[in-house]
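The values are calculated or read from the model by the stated rules, or taken from the named source; none is laboratory data. This structure is a prediction, so every number in the text was calculated from the model and none was measured. In this analysis, Cβ positions are derived from the backbone assuming ideal geometry, glycine residues included, and neighbour counts consider all displayed protein chains. Ligands, DNA and RNA are stripped out before the accessible areas are found, and what is left, the full protein with its side chains, is counted by its heavy atoms. Shrake-Rupley method; radii C 1.70, N 1.55, O 1.52, S 1.80 Å.
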Amino acid sequence: DEARAELDRIEAEAARMNDMVGSLLELSRVEGDRRARKVATVDLNDVVQHVVEDADYEARRVGKSVTLRSKGRALVDGDANLIARAVENVVRNAIRYAPEGTAIEVHVTGEARQARIGIADQGPGVPEADLERIFAPFHRVGASRTRESGGVGLGLSIARRAIALHNGTITAANAPARGLIVTILLPASAVFPASPTT
């Protein structure tokens with residue numbers, strides 16, 4: 001039993017190291033040659049929908065869920081894979097810290113020449129002083145974000161760099177009641193508002 005416990009610990013450490021190496025390689029690619037990116041007109045709603053569907057499947061295995069609410073459609077010029085990775089990293093972070101039995105809400109809206117993605121959870125939130133620092137590589141916030149909670153502290157940093165490559169911004173704010181809201185803003189090449197309801 002002692003040997004099995006020690007092997008489990010080693011396996012977990014190896015998995016974390018593998019994640020770290022993979023994240024570092026991805027971070028390097030994101031910051032690499034911009035000409036290597038696959039730039040095209042991207043339907044942001046479709047990209048986010050695919051991320052949400054995959055994330056919801058995994059979230060339900062741990063007693064949580066991920067929902068998508070869209071208001072209109074937005075097209076952006078960029079690399080669909082990089083945008084998807086950025087959104088996925090934020091959503092996975094939300095799943096990690098959201099309490100069991102709660103839903104992570106993802107919103108996509110288009111306004112003027114700008115597309116907005118909002119990801120809100122009902123987790124512990126972040127101290128005001130750390131709202132900017134959470135996007136720095138390897139930064140962790142307090143006891144709730146220790147190695148035992150998973151991750152290597154690169155997901156949000158990768159997300160910020162991917163969004164910056166698209167001339168966008170990503171910010172975090174605490175929800176009025178409870179939880180964290182991460183907002184991604186991207187320049188939109190076209191926006192199609194939602195049809196008015198009757």
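Scanning the stretch 61-89 for residues that are modelled with pLDDT of 95 or more, more than 13 Å from LEU186 (Cβ to Cβ) and out of contact with any Lys or Arg (no Cβ under 9 Å at 6 or more places or on another chain) returns GLY63, LYS64, SER65, THR67, LEU68. Scanning the stretch 114-124 for residues that are in a loop (DSSP other than H, G, I, E, B) and open to solvent by less than 10 Å² (accessible area, probe 1.4 Å) turns up just one, GLY123. Going through (1) at pLDDT below 85; (2) farther than 26 Å from LEU24 by Cα; (3) surrounded by 14 or more Cβ atoms within 10 Å (Cβ to Cβ); (4) of a type in the set (Val, Ile, Thr) one by one, VAL152 falls short only on (2). Pairs meeting the criteria (first residue in the stretch 156-172 and outside any strand (DSSP E or B), second residue of a type in the set (Asp, Glu) and open to solvent by 50 Å² or more (accessible area, probe 1.4 Å), beta carbons under 7 Å, at least 6 apart or on different chains) are ARG161/GLU31. Looking across the stretch 125-134, just one residue is touching a residue at least 24 places away in the same chain (Cβ under 8 Å), open to solvent by 20 Å² or more (accessible area, probe 1.4 Å) and part of a helix (DSSP H, G or I), and that is GLU128.
Screening the candidates ALA15, ALA98, ALA40, ALA94 for the property of being in contact with an Asp or Glu (Cβ under 8 Å, 6 or more places away or on another chain), surrounded by fewer than 15 Cβ atoms within 10 Å (Cβ to Cβ), over 14 Å from ILE163 (Cα atoms) and of a type in the set (Gly, Ala, Ser) yields one hit, ALA40. GLU100 meets the stated requirement of being over 13 Å from LEU156 (Cα atoms) and among the acidic types (Asp, Glu).
Looking only at residues in the stretch 69-91 that are aliphatic (A, V, I, L, M) and surrounded by fewer than 20 Cβ atoms within 10 Å (Cβ to Cβ), the one that is nearest to the chain's Cα centre (by Cα) is ALA84.
Residues are listed down the side, and each one gets a yes or a no for (1) among the small types (Gly, Ala, Ser); (2) touching a Gly at 6+ places or on another chain (Cβ under 6 Å); (3) in contact (Cβ under 8 Å) with a residue 24 or more places away in the chain:
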position: LEU24; (1), (2), (3): no, no, yes
position: ASP56; (1), (2), (3): no, no, no
position: ALA59; (1), (2), (3): yes, no, yes
position: ALA74; (1), (2), (3): yes, yes, yes
position: LEU82; (1), (2), (3): no, no, yes
